[in-house]
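K.L.:
Submitted below is the structure of interest, expressed as structure tokens.
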Amino acid sequence: MPEGPEIRRAADRLERALKGQSAEAVFFAFEHLKPFERQLGGQRVESVETRGKGLLIHFENRLSIYSYNQLYGRWFVRPAHSYPRTGRQLRLAIHNAHKSALLYSASDIDVLTPGQIALHPFLSRLGPDVVSAETGVVLKQIREPRFARRQLGALLLDQHFLAGVGNYLRSEILFVSGLHPRLRPSDCSPEQLEALAEAATTLARRSYRHNGVTCDLRIARELKAAGQPRSRYRHWVFSRTGRPCRQCGTPVLLTTVASRRLNYCPVCQPQQA
Ligand SMILES: [Zn+2]
């Protein structure tokens, strides 16, 4: 499932194709959205915004197309009115004079007014977006009393806590901040909570700018130069079960937290804070 950095990169591609251009035609597969085809046709796209894993395409008449890609949703940007060879179902198409933005397989699509966005049951309750929020804003959220007694491993996947963190970012953020997944914010020192906020924003932005890489960039460059495949240099611990920790050499462990796999180093991330 794409995480915040991947969604933001998809949004950048969409923005390059759509921003400032009039949508000559808009297509929705879902019957209840068909009336919006006429309302959005001919309207200029103002911007493409991400909120965590949610994406909003804003039109000049103040309507916005909202989409949330679950496991299967995928955007394609193509020359106008051309389509990829795919067995997927086309759910939404925005065509302008030059490009077509095509969303396949996604099931969570809606058209919203500014008022509906403000009251949206998912969007209105999202935590700060780790790709774009200031570290101070993320730290303030981490210090909120309502999160203090929840284990970090589960808490980090809660989009109401921090929006845009998914499974690989979770393992990487905990490793870089040196925190065991079973610890709760209430177990951590102020310095540890600061390290957590710093790791969350730094790693999300690094992943966004460097095509999903969260590992130290110098280490990643050296491994790449030595001929290692991307899977070997991309992360600190995620998907590296049994391989030596890049900091201490201890084999990286695999566990399951909130029904998803999590990798960590038992030495760099001790259970006692
Ligand atoms: Zn280690």
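K.L.:
Compute the relative contact order of the stretch 191-273 as a whole-number percentage, counting only Cα pairs closer than 8 Å that sit 6 or more residues apart in sequence. Write out the running numbers ahead of the final one.
P.N.:
Values: 81 pairs, mean separation 13.6, N = 83.
Relative contact order, the stretch 191-273: 16 percent.
K.L.:
Quick one: what are the phi-derived ³J(HN,Hα) couplings along the stretch 100-105, Karplus 6.51/-1.76/1.60 with θ = phi - 60°, whole Hz, x for glycine and proline?
P.N.:
Listing the rounded values in order: 10, 9, 10, 10, 10, 6 Hz.
K.L.:
Would you kindly state how much longer the chain becomes between VAL267 and GLN89 on full extension, computed as 0.36 nm times their sequence separation minus their alpha carbon distance, in nm to one decimal?
P.N.:
This chain segment gains 59.4 nm when fully extended.
K.L.:
Right, next: Taking amide hydrogens as modeled 1.01 Å from N in the peptide plane, which residues meet the under 5 Å criterion relative to ALA25, leaving out close sequence neighbours?
P.N.:
Here the answer is GLY42, HIS95, since their amide H atoms fall under 5 Å of that of ALA25.
K.L.:
While we're looking at this one, here's another question. Give the calculated FRET efficiency between SER186 and GLN43 to the nearest 0.05, with a Förster radius of 41 Å applied to their Cβ-Cβ distance. Don't jump to the answer; show the numbers that get you there.
P.N.:
Details: r = 49 Å, r/R0 = 1.19.
Given R0 = 41 Å and the Cβ-Cβ separation, E is 0.25.
K.L.:
From Cα pairs below 8 angstrom and at least 6 apart in sequence, can you work out the relative contact order of the stretch 135-264, rounded to a whole percent?
P.N.:
Details: 173 pairs, mean separation 31.0, N = 130.
Result for the stretch 135-264 is 24 percent.
K.L.:
A further question on this structure: In vacuo Debye scattering of the stretch 4-125, one point per C-alpha: log10 I(q)/I(0) at q = 0.13, 0.14, 0.18 Å⁻¹?
P.N.:
-0.45, -0.53, -0.92
K.L.:
Multiplying the sequence separation of GLN116 and GLU144 by 0.36 nm and subtracting their Cα-Cα distance, what value in nm do you get?
P.N.:
So the chain would gain 7.4 nm between GLN116 and GLU144.
K.L.:
Once you have the alpha carbon radius of gyration of the chain, what is it after dividing by 2.2 N^0.38 Å, with N set to its residue count? Before the final figure, lay out each step's value.
P.N.:
Values: Rg = 20.3 Å, N = 273, 2.2 N^0.38 = 18.5 Å.
Normalised by 2.2 N^0.38 Å, the Cα Rg of the chain equals 1.10.
K.L.:
Identify the residues of the stretch 165-191 with backbone N under 13 Å of a label point that sits 7 angstrom from the Cα of ASP216 along the Cα-to-Cβ direction, or state none.
P.N.:
176
K.L.:
Could you work out how far apart the two model spin labels at THR202 and GLN228 are, taking each label as a point 7 Å from the Cα in the direction of the beta carbon, and quote it in nm?
P.N.:
1.9 nm
K.L.:
When the chain is fully extended, how far beyond the present Cα-Cα distance does ASP108 get from HIS81, taking 0.36 nm per residue of separation?
P.N.:
On the way: separation 27, 0.36 × 27 = 9.72 nm, distance 2.32 nm.
Full extension from ASP108 to HIS81 adds 7.4 nm.
K.L.:
If you plug each phi of the stretch 26-32 into the Karplus form 6.51 cos²θ - 1.76 cosθ + 1.60 with θ = phi - 60°, what whole-Hz ³J(HN,Hα) values come out, in order, with x for Gly and Pro?
P.N.:
Running phi through 6.51 cos²θ - 1.76 cosθ + 1.60 with θ = phi - 60° gives 10, 10, 10, 6, 7, 4, 6 Hz.
Computed from the coordinates by the stated procedures, all read-outs in this text should not be read as laboratory data. Quick caveat, the model's predicted, so the values are computed rather than measured. Reconstructed Cβ throughout: ideal geometry from the backbone, glycine too, with neighbour counts over all protein chains shown.
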